[in-house]
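Okay, so here's the structure we're looking at.
Please treat every number below as a calculation from the coordinates, not as lab data. Computed from a predicted structure; not experimentally measured. Cβ coordinates were reconstructed from backbone atoms using ideal geometry, including for glycine residues, and neighbour counts include every protein chain displayed.
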Amino acid sequence: MRSLGSVGVEAHGLDVLPSPFTQHVASIGDRMAVRNALQGMDAVLHTATLHKPHVATHPEQEFVEVNVSGTLVLLQEAVAAGVRSFVFTSTTSTFGRALVPAPHQPAAWITEETVPVAKNIYGVTKVAAEQLCELFSRSHGLPVIILKTSRFFPESDDDPEMQRQYADENAKLNELLFRRVDIEDAVAAHVLALERAPALGFGRYIITATTPFSPADCAQLRVDAPAVVRRHVPELDAVYAQRGYRMFPSIDRVYVNERASRDLGFRPRHDFAHALQRLQRGEPIHSKLTYEVGSKGYHRTGS
């Protein structure tokens, strides 16, 4: 919403909470509110969801109501309104248990062909929502693009052990190698998807920073990730030593954006090398937009 106006797009926001970017305060499960919000609109960006951290604070039924039933309402009303483009923000979390190979196995090379094995209600409901999107694209001719975004949130990791072992910037910098995308690049992917949806008809794409790794690195990444990173980024040790940062000892999965690059023209600027250069110059590692958005936290209950 902060960025669409700058590319000439008139956008109306619908959210459960008021904000400077929200014109319609309502749930996506509220059919009449969604119908009213879609008047005069020709595209839908569906980013509303309960997230993985909400698994600990919200009942499973609320995940179904928001992530599945809410998506169904949006799809039905989008078809009725005759929109030309529907973009659904999904997640690489849908891959679930497929992301962690058995012990002593190479890191998983994750592409759109990887079969999801959801491990919690969040993953289950996002997979179901993706399937609804594909159904409506096939049965109603609705142009739909699904963007399976990797981590982009400015919030701290919800794993206390990760918080204990790594400074927040250190952890997020490491993740740019294999499972993170900067908010600015995620926004760029959504704009590209809006533009490309009518021509593509349907597509499912992983949106993540471009990794320097290849499948040939996967075995060593699992047992000695720092050695692999040094091979690709020789200046790693000097830059990290200045900040007291550490590379993760092991990397168990690598997200791949090749299909998004090919079909959408996705070219993320904020990869690991770019962030490392910014760090060398004493600059923040993330985009300006990331800091403008800032950390919102997560609401702790379903009320």
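Summary of computed values
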{"read-out": "The chain - Rg (one decimal) and Dmax (whole number), Cα, Å", "value": "19.4, 58"}
{"read-out": "Length gained when the stretch Y291-N120 is fully extended (0.36 nm per residue, less Cα-Cα span)", "value": "58.6 nm"}
{"read-out": "Net length gained if the chain between E112 and A216 were fully extended (0.36 nm per residue, minus Cα distance)", "value": "35.6 nm"}
{"read-out": "Proximal charge balance of D237 [Cβ under 15 Å; K/R count +1, D/E count -1]", "value": "+2"}
{"read-out": "Most fluctuating residue given options H270, H232, H51, as computed from a GNM of the chain linking Cα atoms under 10 Å", "value": "H232"}
{"read-out": "Theoretical ellipticity at 222 nm over the chain - DSSP helices of four or more residues, -39500 (n - 2.57) apiece, nearest 500", "value": "-11000 deg cm²/dmol"}
{"read-out": "Chymotrypsin sites (Phe, Trp or Tyr not before Pro) within region 17-100: DSSP coil, no more than 16 neighbouring Cβ in 10 Å", "value": "F21"}
{"read-out": "Length-normalised contact order for region 4-293 - Cα pairs under 8 Å, 6+ apart - percent", "value": "18"}
{"read-out": "Of every Cα-Cα pair in region 69-152, the percent that sits beyond 21 Å", "value": "36"}
{"read-out": "Compactness index (Cα Rg / 2.2 N^0.38 Å), region 139-212", "value": "1.37"}
{"read-out": "All-pairs alpha carbon distance profile, region 186-294, 10 Å steps from 0, percent", "value": "13, 35, 34, 15, 3"}
